[in-house]
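Remarks on the structure that follows.
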Amino acid sequence: MIKTFAQLDELNAVAQELITEAADQHVWLFEGDMGVGKTTLIKALCRAVGVVSVVQSPTYGLVNEYTTQTGESVYHFDCYRLRNEAEALDIGLEEYLDSGAYCFVEWPERIESLWPPTYYHISLFTDPAGIRTVSTQLK
């Protein structure tokens, strides 16, 4: 799917479309330049799946755990500051990815050899006019 939007108030609808398309896939890998809106999109996705916790970038902690209205966990990773894949293994990344919970991973290209066999890949782009494009693939 390829989806474009210009206004932040469109994000909730975009998030719902992505959740519908992803179906039962709970590992989501987000790629895009710094500042393109990965964390902002993840905030909208967390609202859509019922997260009641405050959602923010886990840049310094590498992973944030959020809780939904039904008590389920949602994990949000930011791999930007990882020096190597061993650091991801040290925080138990593989166990999180195998948990069956939603795992939203920013900067996954830094841990490519650790990607699970199936995942939902999201690429974000922005043009000079501020139009954002979300391109997705189920893999």
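Excluding ligands and nucleic acids, what accessible area in Å² is computed for K3 using a 1.4 Å probe, to the nearest 10?
60
Helix 38-48: angle to the longest alpha-carbon principal axis of the chain, degrees 0 to 90, nearest 10?
Tilt of helix 38-48: around 90 degrees.
Quick one: of the DSSP bridges fully inside the chain, what percent are antiparallel, nearest 5? Please list the in-between numbers first.
Numbers: 17 of 30 bridges.
Among the beta bridges of the chain, antiparallel pairing accounts for roughly 55 percent.
Ignoring ligands, DNA and RNA, how do W115, W28 rank by accessible area with a 1.4 Å probe, largest first? All intermediate terms of the calculation are to be shown ahead of the outcome.
On the way: W115 55, W28 0 Å².
Greatest to least solvent exposure: W115, W28.
Output needed for segment 82-139: three equivalent-ellipsoid semi-axes, defined as square roots of 5 times the C-alpha gyration tensor eigenvalues, in descending order, whole Å. Before the final figure, lay out the partial values.
Working: eigenvalues 129, 42, 17 Å².
For segment 82-139, the semi-axes come out at 25, 14, 9 Å.
Taking Cα centroids, how far is segment 6-42 from segment 64-107 in Å?
Here the two parts' Cα centres lie 16 Å apart.
Give me the net charge for the shell around Y80: Cβ to Cβ below 12 angstrom, other residues only, Lys and Arg +1, Asp and Glu -1.
On the way: positive: K38, R81, R83, R110; negative: E31, D33, D78, E87, E106, E109.
Summing Lys/Arg as +1 and Asp/Glu as -1 gives -2.
Could you tell me what percent of the accessible area of the chain is made up of carbon and sulfur, with a 1.4 Å probe and every protein chain present? Don't skip to the answer; put the middle values down first.
Numbers: 3500 of 7230 Å².
Looking at the chain in its full context, I get 48 percent from C and S.
If you line up the long axis of helix 11-22 against the longest principal axis of the chain, both from Cα atoms, how many degrees apart are they, to the nearest 10?
60
Show that you can apply the helix-only estimate: for the chain, add -39,500 (n - 2.57) for every DSSP H stretch of four or more residues, divide by all residues, and state [θ] at 222 nm to the nearest 500.
Values: 4 runs with 34 residues, N = 139.
Computed mean residue ellipticity for the chain: -6500 deg cm²/dmol.
Residues with beta-carbon under 15 Å from that of L41, excluding L41: net charge, scoring Lys, Arg +1 and Asp, Glu -1? Show your work: numbers first, answer last.
Values: positive: K3, K38, K43, R47, R132; negative: D9, E10, E17, E21, E31, D33, D78, E106.
Combined, the nearby Lys, Arg, Asp and Glu give -3.
Could you please report the charge total around A22, scoring K, R as +1 and D, E as -1 over all other residues with beta-carbon less than 15 angstrom from its beta-carbon?
Around A22, the surrounding residues sum to -1.
With every protein chain left in place, what is the accessible area per residue of the chain in square angstrom, probe 1.4 Å? All intermediate terms of the calculation are to be shown ahead of the outcome.
On the way: 7230 Å² over 139 residues.
Heavy-atom SASA per residue in the chain reads 52 Å².
The values are calculated or read from the model by the stated rules, or taken from the named source; none is laboratory data. Computed from a predicted structure; not experimentally measured. Positions of Cβ are generated from backbone atoms using ideal geometry, with glycine treated the same way; all protein chains shown enter the neighbour counts. For the accessible areas, the whole protein counts, side chains as well, though only heavy atoms, and no ligand, DNA or RNA atoms are used. Shrake-Rupley method; radii C 1.70, N 1.55, O 1.52, S 1.80 Å.
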